[in-house]
Amino acid sequence: MTETKTISRTDWMDVCAGVTGNPVAEQEIIDMAKRGELLVKDKACLYVPLAQGSAWQLARALTEDDIAESLGLRYPDAHRLLLEADVPSVATIERLFSAQRLWAEEDIERSLVDHSARTGMQEREAALELGLTIDSYRKVAGSIRFSSQGRVLKPLVEAFRDKYLPRDTVWSTRTALIQEFVQNFNASSSVGPLSIQYCDVPDCGHAASDQCCNPACRQHQEGRFLCPAHAKWVDVADAVRRPPSLCPTCAAEVEAGRLNRFRLL
């Protein structure tokens with residue numbers, strides 16, 4: 001990772017225009033920019049000079065603090081997301097106790113869109129992450145940042161939800177959290193109203209987080225939606241995030257030996 005020097009935007013423009021009266025220094029500064037060793041400062045913002053043919057473009061450079069604030073994430077979550085998406089850092093700046101990496105805004109957008117397309121949650125999974133019916137989720141899907149090919153990243157789904165929740169609040173249940181999110185969203189947005197997807201187990205009343213994976217769960221209907229308490233995990237070798245689930249009715253069929261295609265975890 002390259003340590004950098006900083007130049008003001010005014011001085012950088014003079015260097016590019018060749019009007020400083022010192023062509024040797026101008027060439028040294030241009031060479032530093034080509035090696036990725038130069039940052040341009042304009043007020044409180046930093047920019048990375050990027051060569052565009054014979055011209056130069058200034059790309060906004062963001063710290064992890066900037067990125068976390070922009071995405072609505074906590075710092076550790078923003079850091080983890082940048083690493084998982086393999087966003088290339090463009091420079092480092094020295095701080096009192098440690099160096100801090102910088103990322104170009106364009107690289108962040110491109111990498112997160114690609115990361116969404118490769119690993120993001122699909123529509124049904126994202127809807128259940130928010131506790132919404134699929135129709136309600138489609139009303140808000142376009143507001144979740146860096147979606148790609150119908151997929152969205154879980155940290156950004158959570159960040160979208162958290163915008164409508166009071167900070168530093170401890171929730172007694174996931175259902176209470178979702179109800180607060182939906183209530184606050186419906187009160188502040190003209191997109192709604194949003195509807196919660198509740199668990200289909202009779203007399204449950206909690207928000208669903210999964211759906212029965214048995215294609216024949218209910219005849220001529222979608223599989224039952226399930227809260228965490230009623231989802232029965234299926235034993236599979238290739239589960240990525242968590243194993244698929246069966247509803248209690250289908251799980252009972254497995255235990256009775258009448259649904260042999262599944263094995264409970």
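Bear in mind these aren't lab numbers, they're just calculated from the coordinates by the rules spelled out. Computed from a prediction, not measured in an experiment: that's the story for all the values here. When we count neighbours, we look across all protein chains shown, and the Cβ atoms used for this are built from the backbone with ideal geometry, even at glycine.
Summary table
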item	result
Dipole in debye (nearest 20) - the range 79-206, about Cα centre, beta carbon charges: Lys, Arg +1; Asp, Glu -1	100 debye
Estimated inter-spin distance, residue 109 and residue 176, nm [label 7 Å along Cα→Cβ]	4.1 nm
Relative contact order computed over the range 1-119 (Cα-Cα under 8 Å; 6+ residues apart), in percent	22 percent
Extension gain from residue 183 to residue 264, taking 0.36 nm per residue of separation minus the Cα-Cα distance	25.5 nm
Choice from 100, 179, 219 showing the highest fluctuation, given a GNM over the chain with Cα pairs closer than 10 Å	219
Size of charge dipole - the range 126-192 - debye, nearest 20, with Cβ of Lys, Arg +1 and Asp, Glu -1, no other charges	200 debye
Rel. contact order, % - alpha carbon contacts under 8 angstrom, at least six apart, the chain	10 percent
Only Lys, Arg (+1) and Asp, Glu (-1) charged, at Cβ; the range 198-265 dipole about Cα centre in debye	140 debye
Contour minus Cα-Cα distance for residue 19 and residue 69 (0.36 nm per residue)	14.2 nm
All lysines inside 27 Å of residue 5 as judged from Cα atoms, apart from same-chain residues fewer than 8 positions distant	34, 41, 43
Linear extension gain, residue 51 paired with residue 203, 0.36 nm per residue minus alpha-carbon span	48.4 nm
Dipole of the chain, positive end: most advanced residue of 58, 39, 228 [Cβ charges, Cα centre]	228
Calculated Rg and Dmax of the range 198-265 using C-alpha coordinates, Å	11.4, 33
For the chain, the fraction of alpha-carbon pairs in successive 10 Å shells from zero, as %	6, 23, 24, 19, 13, 9, 5, 2, 0
Packing-based exposure ordering (other Cβ within 10 Å, fewest first) of 75, 137, 47, 198	75, 198, 47, 137
Neighbour-count ranking [beta-carbon atoms within 10 angstrom, fewest first] of 32, 121	32, 121
Alpha carbon convex hull of the range 1-119, volume per residue in cubic angstrom	116 Å³
Alpha-carbon centroids, the range 219-265 and the range 28-102: separation in whole Å	46 Å
